Amino acid sequence: MSGVRVALIASARHPITEPFAGGLEAHTWGLAHALARRGHEVELFAAPGSDPALGACELPVRHVVLSAAARSDTSMPSALHCLPARPTRRTVCVPQ
């Protein structure tokens, strides 16, 4: 049986590399490695800084700038006030 072509699209927020930011990143890393070991052709699309052994294609990251009106919107979850500043693990907190 020959391998199949598999595309994995990971989160663009955190790179797929150790130490993992969370379970999604750990699962994606393990899945990509396991499929490749079984002879499948794996194409991973992930955040910049992902494990070079995976040969990931970097997803472009758009930088979000919230207007004053958006920042003052009380219906916006508080988690959205901290947005990624760059495709790294750092975040910038926008004053509420």
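The values are calculated or read from the model by the stated rules, or taken from the named source; none is laboratory data. These numbers come from a predicted model, not from an experiment. Heads up, the Cβs are rebuilt from the backbone with ideal geometry, glycines too, and the neighbour counts pull from every protein chain shown. Surface accessibility is based on the protein's heavy atoms, side chains included, excluding ligands, DNA and RNA. Shrake-Rupley method; radii C 1.70, N 1.55, O 1.52, S 1.80 Å.
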Examine the range 49-68 for a residue that is open to solvent by less than 30 Å² (accessible area, probe 1.4 Å), outside any loop (DSSP other than H, G, I, E, B) and modelled with pLDDT of 75 or more, and state whether such a residue exists. yes
State all residues of the range 1-41 that are among the basic types (Lys, Arg) and closer than 15 Å to ALA53 by Cα; if no residue qualifies, say none. ARG37
Of all residues in the range 11-46 being among the hydroxyl-bearing types (Ser, Thr, Tyr) and buried (at least 17 other Cβ atoms within 10 Å of the Cβ), the one that is farthest from GLU58 (Cα to Cα): THR28
Taking into account only those residues within the range 69-93 that are more than 25 Å from ALA10 (Cβ to Cβ) and open to solvent by less than 50 Å² (accessible area, probe 1.4 Å), which is modelled with the lowest pLDDT? MET76
Quick one: LEU8 ticks every box in (1) assigned to a strand (DSSP E or B); (2) open to solvent by 60 Å² or more (accessible area, probe 1.4 Å) except a single one, so which number is it? (2)
Find all pairs meeting these conditions: Cβ atoms under 6 angstrom apart; at least six residues apart or on different chains; first residue within the range 29-40 and touching a residue at least 12 places away in the same chain (Cβ under 8 Å) and in a helix (DSSP H, G or I); second residue among the β-branched types (Val, Ile, Thr) and surrounded by fewer than 17 Cβ atoms within 10 Å (Cβ to Cβ). LEU35/VAL6
